[in-house]
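For reference, the structure discussed in these notes is given below.
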Amino acid sequence: MRLAELRLENFRVFSSLDITLSPGINLFTGGNGAGKTSILEAVHLLSHARSFRSANRDVLLQEGQSHLSVFGQLLTGADVQHRLGLLRTGARWQSRIDGTQPQSLTELLRLCAVVCFEPGSHALISGPAAERRSFLDWGLFHVEQDFTLQWRRHQRALKQRNALLRQSPRESELGPWDIELAGAAVVLADYRARYLDALRPYLVGLASTFLSELGAVQLSFDPGWNADMSLLERLQQNYARDIARGFTSAGAHRADWSLRFDLASKREHLSRGQEKLCALACLLAQAQHLAHTKGDWPIICLDDLASELDAEHQALVVKSLGLDAQILITGTETPVALAPLIVDGAVRRFHVERGSVTAL
Ligand SMILES: Nc1ncnc2c1ncn2[C@@H]1O[C@H](COP(=O)(O)OP(=O)(O)OP(=O)(O)O)[C@@H](O)[C@H]1O
Ligand SMILES: [Mg+2]
């Protein structure tokens, strides 16, 4: 899929912006603070309904303004067109698909898939487990129709059980929620384990390309509870502890996964650059898997590519993406690896300067 056009109003430094994007590589260059990352952030917003820089999407609203909008004209691989929009008016956020408000935001998010590598992406490797769970869950949201329903069922059961735990319940009162929570958690764990298995071949390929010096890679999955007993038994065994803490200590909400290399058995053995390359391998594996399962590449955003990766790795990334994906790259300078493609006319270039963008 690709964005043919992107329109912003009162989005961070952009009072008004309307750009036509190339189906292939788009390069945005300009000085610090010009607004390059903000363009990728707007594209990411159409796919995730949140920024990759801040948990609070209200910071996206231009200082002093009361409304903002992000509109994108999306073309899918099957040549279906959609006009997607996210608007903030007053304190409310609304979504639009082809001019009308969908029943839920999920409908919009399902149409648009954006994979974004940015300076904070190393958190996927070195950050908290929540980062890695959202990575799996976002991928599952796009490839498994039923996943969202199961995820919501699990969230509901967890919330109810935690609320009850804070009221010093009798064990018999927790019983029904244990059964509901354990049932939903087992389904989530199964989805997540199978998804990680499906990613494995893509990830092994990309990791051996980007991090050949570290030897073979292994992926392992932790469902969030110890396999020596069922989750239902574990929940029952943890009653005293869970009541004392006021929350459920084991379950799918504690799931995690990790990557280990033959020649770097601990995460702490990786350099910061290697962590970034690992994160990039995971994100591109997710993109390749999505492309093969759905027959359509997600849009790929690479923020500050040249300052994140050396020239050799930049070239490997561009090569591994092939010709089918729409790619949006930013940088204060043109990344060295793109120079030959610019000569061939394969890159659409934009200059960004404090809130305005000029096509070169
Ligand atoms: N809510 C806002 N209202 C107005 N301006 C904002 C808002 N949020 C951020 N800005 C401004 O937007 C500009 C764009 O920042 P952005 O991070 O997109 O720049 P950049 O080109 O990626 O810079 P760098 O090269 O340093 O990464 C900054 O100058 C910042 O001051
Ligand atoms: Mg930036």
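With Val115, Val143 as the choices, which residue is open to solvent by less than 30 Å² (accessible area, probe 1.4 Å), within 16 Å of Lys294 (Cα to Cα) and more than 16 Å from ligand 1 (Cβ to nearest atom)?
Going through Val115, Val143 in turn, the sole match is Val115.
I need the full set of residues from segment 308-340 which are within 16 Å of ligand 2 (Cβ to nearest atom) and either open to solvent by 80 Å² or more (accessible area, probe 1.4 Å) or at pLDDT 95 or above (or both), in order please.
Leu328, Ile329, Thr330, Gly331, Thr332, Glu333, listed by residue number.
Within segment 296-307, restricting attention to residues that are open to solvent by 10 Å² or more (accessible area, probe 1.4 Å) and either within 16 Å of ligand 2 (Cβ to nearest atom) or in contact with a Gly (Cβ under 6 Å, 6 or more places away or on another chain) (or both), which residue is nearest to Leu109 (Cα to Cα)?
Asp296
Can you pull out every residue in segment 119-146 that is touching a Lys or Arg at 6+ places or on another chain (Cβ under 8 Å) and part of a loop (DSSP other than H, G, I, E, B)?
Hits for segment 119-146 are Gly120, Ser121, His122.
Considering only segment 341-360, how many residues are farther than 16 Å from Gly31 by Cα, open to solvent by 80 Å² or more (accessible area, probe 1.4 Å) and at pLDDT below 95?
Of the residues in that region, 2 qualify.
Pick out the one residue from Arg57, Arg96, Arg92 that is in contact with a Lys or Arg (Cβ under 6 Å, 6 or more places away or on another chain), over 16 Å from Ser16 (Cβ atoms), in the same structural domain as Ala325 (by TED's automatic domain parsing) and more than 16 Å from ligand 2 (Cβ to nearest atom).
One residue alone meets the criteria, Arg57.
So which residues in segment 164-207 are surrounded by 13 or more Cβ atoms within 10 Å (Cβ to Cβ), over 14 Å from Cys282 (Cβ atoms) and of a type in the set (Gly, Ala, Ser)?
Gly175, Ala182, Gly183, Ala184, Ala185, Ala189, Ala193, listed by residue number.
Please name all residue pairs, on different chains or six or more residues apart, with Cβ atoms under 8 Å, provided the first residue is in segment 139-158 and is closer than 23 Å to Ile299 by Cβ and acidic (Asp, Glu) and the second residue is open to solvent by less than 40 Å² (accessible area, probe 1.4 Å) and at pLDDT 95 or above.
Filtered contacts from segment 139-158: Glu144/Tyr191; Glu144/Tyr195.
Within segment 237-270, count every residue that is under 24 Å from Ser168 (Cα atoms) and either touching a residue at least 60 places away in the same chain (Cβ under 8 Å) or within 27 Å of the chain's Cα centre (by Cα) (or both).
Number satisfying all stated conditions: 13.
What is the one condition in (1) more than 17 Å from the chain's Cα centre (by Cα); (2) closer than 21 Å to Val115 by Cβ that Thr29 does not satisfy?
(2)
I'm told Phe52 meets every condition in (1) part of a loop (DSSP other than H, G, I, E, B); (2) touching a residue at least 24 places away in the same chain (Cβ under 8 Å); (3) more than 16 Å from the chain's Cα centre (by Cα) except one. Can you identify the failing condition by its number?
Condition not satisfied by Phe52: (3).
For segment 56-111, which residues satisfy the criterion of being in contact with a helix residue (DSSP H, G or I) (Cβ under 8 Å, 6 or more places away or on another chain) and either more than 24 Å from Pro298 (Cα to Cα) or aromatic (Phe, Trp, Tyr) (or both)?
Leu68, Arg88, Trp93
Would you pick out the residues in segment 96-107 that are without any contact (Cβ under 8 Å) to a residue 40 or more places away in the chain and either surrounded by 14 or more Cβ atoms within 10 Å (Cβ to Cβ) or touching a Cys at 6+ places or on another chain (Cβ under 9 Å) (or both)?
Arg96, Ile97, Gln101, Pro102 - these are the residues of segment 96-107 that are without any contact (Cβ under 8 Å) to a residue 40 or more places away in the chain and either surrounded by 14 or more Cβ atoms within 10 Å (Cβ to Cβ) or touching a Cys at 6+ places or on another chain (Cβ under 9 Å) (or both).
If I filter segment 289-306 down to residues being part of a helix (DSSP H, G or I) and among the hydrophobic types (A, V, I, L, M, F, W, C), which single residue comes out as nearest to the chain's Cα centre (by Cα)?
Leu290
Filtering segment 92-149 down to residues that are of a type in the set (Ser, Thr, Tyr) and under 16 Å from the mean Cα position of the chain (by Cα), which residue is nearest to His253 (Cα to Cα)?
By that ranking, first place goes to Ser134.
Give segment 66-84 a look and list any residue that's small (Gly, Ala, Ser), in a strand (DSSP E or B) and surrounded by fewer than 19 Cβ atoms within 10 Å (Cβ to Cβ), or say none.
Ser69
Being open to solvent by less than 30 Å² (accessible area, probe 1.4 Å) and either over 27 Å from Val336 (Cβ atoms) or touching a Cys at 6+ places or on another chain (Cβ under 8 Å) (or both), is that true of even one residue in segment 18-36?
Taking every residue of segment 18-36 in turn, none turns out to be open to solvent by less than 30 Å² (accessible area, probe 1.4 Å) and either over 27 Å from Val336 (Cβ atoms) or touching a Cys at 6+ places or on another chain (Cβ under 8 Å) (or both).
Go through the residues of segment 274-288 one by one and say whether even a single one is of a type in the set (D, E, K, R), in a strand (DSSP E or B), closer than 18 Å to Arg132 by Cβ and out of contact with any Gly (no Cβ under 9 Å at 6 or more places or on another chain).
no
On the basis of being over 19 Å from Glu118 (Cα atoms) and under 25 Å from the mean Cα position of the chain (by Cα), does Leu316 make the cut?
Answer is no for this residue.
The values are calculated or read from the model by the stated rules, or taken from the named source; none is laboratory data. Keep in mind that what you see is a predicted model, and the values were worked out from it rather than measured. Counting neighbours? That spans all protein chains shown, and the Cβs are built from the backbone with ideal geometry, glycine included. Areas reflect the complete protein model, heavy atoms only, side chains present, ligands, DNA and RNA absent. Shrake-Rupley method; radii C 1.70, N 1.55, O 1.52, S 1.80 Å.
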